[in-house]
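Every number here is computed from the coordinates shown, using simple stated rules; none is lab data. This one's a predicted model, so the numbers in the text were calculated from it and none came from an experiment. Here the Cβ positions follow ideal geometry from the backbone for every residue, glycine too, while neighbour counts run over all protein chains shown.
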Amino acid sequence: MTIPPSRVIALIPLKTHPRRPDINLREFERRLEETADAGADLVIFPECTLMGYLYEPADLERFAEPVPGPTVDRLARLARKHHVAVCFGLLERTPAGVYNTAILLDRRGEIALKHRKINEQPPFLRGQDVRGVDTEFGRVSILICGDLFADDARAQLDASLDLVLVPMARAFAGRSPDPDRWEREERQAYLNAAAGLAATTAIVNALEVGVDEPSFGGAMLVGPQGQLLAESPHGSDAILLWKGV
C-alpha cells in the first residue's frame, strides 16, 4: 500500500518558545486550524512540541507528563475538533523516569502509535523498540530526530512501511539557522538517511526562538528512493503541505 493520493499531509515547523507551553499551545492551535482549513488529513509537529527540547533535570521534573495525561488529552480534543490525525512530541513521565516521546493521534483523538526516542542521552531513558501501525495513510512508524541515523532504531523498521514520521529539534553549533551549511551538507545527509528506509519520510524541525543556537525549523518530504519530494525553507516555520501520489 502507498499513501492514498486523496490524503494531504502537513508538516509544521512550530515556532517554539522553550519552557512556555502557554505560548506554544496558542501557536499550535492556530497552525492546526490553519492546516485543517487547508484540507490536511495528517498534521506533523516537531520533537518536544509544546516545551522545546529540554534536558535539565529541573525542566524534566517541571514539564514531563504521563501518557495519556493533560497534554495528550488536550491535543486529542483538538484532533477531534478538526477531524485530523496529529503527530507531536512531548516529555513523557513514567515511574522509571522520563522519555523523549512522540505520539500519533487518529482523527478520533485516540492514540494510534507511541514512540520513545532510542538515540537519546541521560537524563532521559532510552526507548527500546520501533513499531508500525496500519492507518488510512498506509503503514506508519515514528522515529525521533537522531533515531533517523541510528542503526539500532532503523533496523527495527517494518519492511512494509509506507510512511515514517520524523519530528526533530535539531540545531547547529555556533550558528543556527545556517542556510549555507544546510545547502552544503545537512540536506543531503537527511536524504541519504531516508533513502535507506524504503518509505516516504516526513521530517519536521522545531523553530526555536529566544535561545542560543536554536533549532532551525524547516520541513521536508523524502521519497522511498531518497528523492526530495517537497521542502519548506530552512530557518522558517512555513507549513509544508503535500498530497500523496
Starting from the 7 Å offset along Cα-to-Cβ, what nm value, one decimal, do you get for the label separation of Ala195 and Arg19? 4.2 nm
Under the Karplus relation 6.51 cos²θ - 1.76 cosθ + 1.60, θ = phi - 60°, what is the ordered set of whole-Hz ³J(HN,Hα) values for the range 90-95, x standing for Gly and Pro? 7, 8, 9, 8, 9, x
In terms of the Cα gyration tensor, with a ≥ b ≥ c the square roots of its eigenvalues, is the chain rounded because a/c is under 1.5, prolate because a/b exceeds b/c, or oblate? rounded
Within the chain, how many Lys pairs sit with Cα atoms under 23 Å apart, leaving out pairs fewer than 8 places apart on the same chain? 4
Using the per-residue mean of other Cβ atoms lying within 10 Å as a proxy for protection, in what order, highest first, do the peptides 162-169, 221-228 fall? 162-169, 221-228
By counting other Cβ atoms within 10 Å of each Cβ, how are Ser141, Ser176 ranked from fewest to most? Ser176, Ser141
Relative contact order (percent, whole number), the chain, Cα cutoff 8 Å, 6+ residue spacing: 22 percent
Simple SL model, points at 7 angstrom along Cα→Cβ for Phe172 and Ala38; separation in nm is 2.5 nm
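With a ≥ b ≥ c the root eigenvalues of the C-alpha gyration tensor of the range 24-82, is it rounded (a/c under 1.5), prolate (a/b larger than b/c) or oblate?
On the way: a/c = 2.88, a/b = 1.95, b/c = 1.48.
It comes out prolate by the Cα gyration axes.
Given R₀ = 25 Å, FRET efficiency for Arg77-Arg131 by Cβ-Cβ distance, to 0.05?
On the way: r = 25 Å, r/R0 = 0.99.
The value I calculate is 0.50.
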Could you size up the charge dipole of the chain around its Cα centre, putting +1 on the beta carbon of Lys and Arg and -1 on that of Asp and Glu, and report it in debye to the nearest 20? 460 debye
Between Ala58 and Arg30, what length comes free when the chain is fully extended (0.36 nm per residue of separation minus the Cα-Cα distance, one decimal in nm)? 7.1 nm
If a/c stays under 1.5 just call it rounded; otherwise compare a/b with b/c (prolate if a/b is bigger, oblate if not). Do that for the range 144-245, with a ≥ b ≥ c from the square roots of the Cα gyration tensor eigenvalues. prolate
